[in-house]
Every structure is written in structure tokens, then in C-alpha cells.
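Trainee: This is the structure I want to talk about, given as C-alpha cells.
The values are calculated or read from the model by the stated rules, or taken from the named source; none is laboratory data. The structure presented is a predicted model; accordingly, all values stated were derived computationally and were not measured. Because the Cβ atoms are built from the backbone with ideal geometry, glycine has one as well, and the counts that use them run over all protein chains shown.
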Amino acid sequence: MTDIAVFRIALKAGETELVPIARSRPLQLAASGQSGIAVVYPDIGEPYRSIFSSIIEGIEEKAKGSVPAFAIGPRPDTQALAAELRRQNVQVVIALGRNGLKATTGLERDIGVVVGGVVSMSESEMPGTPVHSMAPDPALLLERLHGLLPSIRRVFVVYDPRQNAWLIRLAREAAKSLGLELVAQEAQDLKTAMRYYQDDVAAADPRHDAIWLPQDSVTVEESATLPFVLQEAWARSLVVFSSSVGHVKRGALFSLYPDNVELGRNLAKYALSHMNGSGSSVRAMIPLREVLMAVNLRTAAHVGANVASRGQQPFDMVYPEQ
């Protein structure tokens, strides 16, 4: 990874200031090799700090030069941030996470903003530009499912429309193109979600049906719905796949998760397009397509998934760990 000049917008002694927190090469945008791109991201601990660091690495690779990166504290001085960005002649800011987006909302219109590093947003939260989600593209998930288990014909999913209506719209299109039936059920509380899961598990045919667990804080609750679905699915040899890689370790068949460096390259591509005047200004969520794949081999053997079908392309993460 090339040197990144990283600054924190932080509170100290009751006043907001710009504090250097990493490699201290001076922040300057000279004519040679500097891109006009900056990154704003949340100042939080591991494992998220390493994720953001990898994304920035990819941004720098695509931008072919170092970028100033600003770690945003809980109450940043947005005016100080705007002044520093202007001093650095920044033309486009890549805002990562909700705090990164919030810190850039007051920037002047001549500084473009590319948003990434969030899972989902409601319509009311959406900025006036595309948001690059960390939620894997349903088309990729369903394609991988079809590759592992061509016999699957129907997929159940329970979702909160306030979080994932946009994702389900994409999933319906992807399912139709693959000849799959998507049974999408709306639930805005845990009780409703549990009732749907109970009905789905009871009605599902393990030979032809599967359950998809999206990234959804209401319908995929880690201490209630997740263990219920995984335990019941195992007992019935029913396929469960997930948008959250941690679920694979707990027994889901597979998941897709971000290739953070490649995601950074893609965000930089959009930022450079914005600088060239060809960037999109449409309000939309863009699903994650820069993905790696995790698989649970024990679950694959249990449900008869064809894990050998990938040939010379090994899985990126395997459970149980070998």
C-alpha cells in the first residue's frame, strides 16, 4: 500500500481540529501524479479500520497516486473539513460509511461526492447521487446458488422494505432471468419475520427450495432468527445462503463478501468519471459486484451441493477452516 496522508477530524479540549493520525507525509496535490480525489471515512476501530484501509489502497491504485484521507470523529467540524479539501484542490470526495456521507453533506456543489461503504439506505436518506452498497448483488448470489445446486427452483427471503426494498427489486429481476421463483415476504418486526421463517421452513422442499438471508437488521436477527433458521434447515437438509459472510461459519452454505481493494478501485473509477463530467447523478443504490466467495464444505456435503463445479477457481474462504 502506498503512503496515505490520513487526518482525523476530531474534538480536542472542546475544540475541533484537524489531527494527523497516520503516515505524516505532507498533504499536497502537486501536478505530478495527484488525482484530485480525497476520502472521508469513519474513525472507528477494528475490524472496520482495516476494511477502510484496504478500500483506500484500491482507490490509490486506480487513481495512480496518493490521496488525502480524513477519519471522521463523532462530531466533526464540517467547515474545517471543507476548508481543508478546498486547500488541497480536491475535486471529488469518496465518502465511506454513513458518517462519511454526513460529513460531506454541507460541501459546496463544485466538490463532487461519491458514496460507498454502506449496506442500505431509506429513500429519505438517499443523497442526490448513487450510493455504492456493501450488499452483494442478488444476481451474483443467485448465479452462485444455481452453480452449486442447479435443482433449486424457488428461493424464500424475508426482508424489511424500509431497508431492502431496492435490493428485492433487483432480486426479482435476477430470479426471473434465471428461471427462479422468488418468494419475497415483507416484515417490519421480529415477530412477523419469525412467523414467516417458521412457515417457510415447514413448506420448503429441500430438493428444490432455498432460503436467502439478506443483510437486514430486522428480519435476520443474530440471536433469534439466525439460529432458528440454521438449525431447522440442517435438520431438513434445506439450503440456506446469506449476504453476510459470518453466517457461513455458523452453517449457511455460502456467502459473497466484499473484495475491499477491488471495491476501492471501482469507487475511484466513479470518482474519476465524475471529474471528467461523465458521472451519474441518479439517486440509486448500486449493489456490490466486487465480491469474494465463502463456502461451508460441511454444509455443502450435507445438502449435496456441487462444490467441485468451480474447477480451477478455488473458494476465497472455506469453513470449517482447513
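Trainee: Spot the failing condition for Q188; the list is (1) within 23 Å of the chain's Cα centre (by Cα); (2) crowded, with 16+ Cβ neighbours inside 10 Å; (3) over 26 Å from L292 (Cα atoms), and only one is missed.
Mentor: (2)
Trainee: Could you check the range 48-68 and list, in sequence order, the residues that are surrounded by fewer than 18 Cβ atoms within 10 Å (Cβ to Cβ) and of a type in the set (F, W, Y)?
Mentor: Within the range 48-68, just Y48 meets the criteria.
Trainee: Can you report the number of residues in the range 57-77 which are assigned to a helix (DSSP H, G or I) and without any contact (Cβ under 8 Å) to a residue 60 or more places away in the chain? Full working, then the answer.
Mentor: From the range 57-77, those assigned to a helix (DSSP H, G or I) are 57-63; that's our starting set.
From the residues that got through so far, the ones that are without any contact (Cβ under 8 Å) to a residue 60 or more places away in the chain too are none.
The number of residues fulfilling the criteria is 0.
Trainee: If the requirement is being modelled with pLDDT under 95 and either of a type in the set (A, V, I, L, M, F, W, C) or closer than 27 Å to K64 by Cα (or both), which of these qualifies: L272, L230, L213? Full working, then the answer.
Mentor: Working: L230 fails: modelled with pLDDT under 95; L213 fails: modelled with pLDDT under 95.
After applying the criteria, what remains is L272.
Trainee: Here's something else I'd like to know. What is the residue count in the range 69-84 for residues that are surrounded by fewer than 18 Cβ atoms within 10 Å (Cβ to Cβ) and within 14 Å of R98 (Cα to Cα)?
Mentor: Of the residues in that region, 2 qualify.
Trainee: Moving on. Just checking, does the range 184-199 include any residue being touching a residue at least 60 places away in the same chain (Cβ under 8 Å) and among the hydroxyl-bearing types (S, T, Y)?
Mentor: No: the range 184-199 contains no residue that is touching a residue at least 60 places away in the same chain (Cβ under 8 Å) and among the hydroxyl-bearing types (S, T, Y).
Trainee: In this structure, is A13 exposed (fewer than 13 other Cβ atoms within 10 Å of the Cβ), at positive phi, more than 28 Å from the chain's Cα centre (by Cα) and at pLDDT below 60? Walk me through it before giving the result.
Mentor: Values: exposed (fewer than 13 other Cβ atoms within 10 Å of the Cβ): yes; at positive phi: yes; more than 28 Å from the chain's Cα centre (by Cα): yes; at pLDDT below 60: yes.
Judged against the criteria, A13 is a match.
Trainee: Tell me which of these S237 doesn't satisfy, since it passes every other one: (1) in contact with a strand residue (DSSP E or B) (Cβ under 6 Å, 6 or more places away or on another chain); (2) on the phi > 0 side of the Ramachandran plot.
Mentor: (1)
Trainee: May I ask you to list the residues in the range 122-149 that are within 12 Å of the chain's Cα centre (by Cα) and assigned to a loop (DSSP other than H, G, I, E, B)?
Mentor: Scanning the range 122-149 gives a single hit, D137.
Trainee: Something else about it: Would you point out the residue of the range 60-115, among those that are within 23 Å of the chain's Cα centre (by Cα) and charged (D, E, K, R), that is nearest to Y48 (Cα to Cα)? If you could, list the steps in order and put the result at the bottom.
Mentor: Pass one, the range 60-115, residues within 23 Å of the chain's Cα centre (by Cα): 60-63, 67-74, 92-105, 112-115.
Going one step further and asking which of them are charged (D, E, K, R), we end up with 60-62, 98, 102.
Working: E60: 18, E61: 20, K62: 21, R98: 13, K102: 18 Å.
Checked the range 60-115; the qualifying residue nearest to Y48 (Cα to Cα) is R98.
Trainee: At least 3 residues that are of a type outside the set (V, I, T) in each: list the strands (runs of 3 or more DSSP E) lying fully within the range 226-296 that qualify. Outline the logic, then answer.
Mentor: On the way: elements: 239-242, 254-258, 285-288, 291-296.
In the range 226-296, 254-258, 285-288, 291-296 are the strands (runs of 3 or more DSSP E) which contain 3 or more residues that are of a type outside the set (V, I, T).
Trainee: Let me ask something else. Here is a check on your reading of the model: is S243 among the polar types (S, T, N, Q), closer than 19 Å to A187 by Cβ, touching a strand residue (DSSP E or B) at 6+ places or on another chain (Cβ under 9 Å) and at pLDDT 95 or above?
Mentor: Values: among the polar types (S, T, N, Q): yes; closer than 19 Å to A187 by Cβ: yes; touching a strand residue (DSSP E or B) at 6+ places or on another chain (Cβ under 9 Å): yes; at pLDDT 95 or above: yes.
Yes, satisfied.
Trainee: Still on this model: Go over the candidates D259, D199 one by one and state the one that is within 19 Å of P138 (Cα to Cα) and acidic (D, E).
Mentor: Numbers: D199 fails: within 19 Å of P138 (Cα to Cα).
From the options D259, D199, the qualifying one is D259.
Trainee: Could you please let me know if S217 is on the phi > 0 side of the Ramachandran plot, in contact with a helix residue (DSSP H, G or I) (Cβ under 9 Å, 6 or more places away or on another chain) and assigned by TED's automatic domain parsing to the domain that holds P161? Walk me through it before giving the result.
Mentor: Details: on the phi > 0 side of the Ramachandran plot: no; in contact with a helix residue (DSSP H, G or I) (Cβ under 9 Å, 6 or more places away or on another chain): yes; assigned by TED's automatic domain parsing to the domain that holds P161: yes.
So S217 fails the test.
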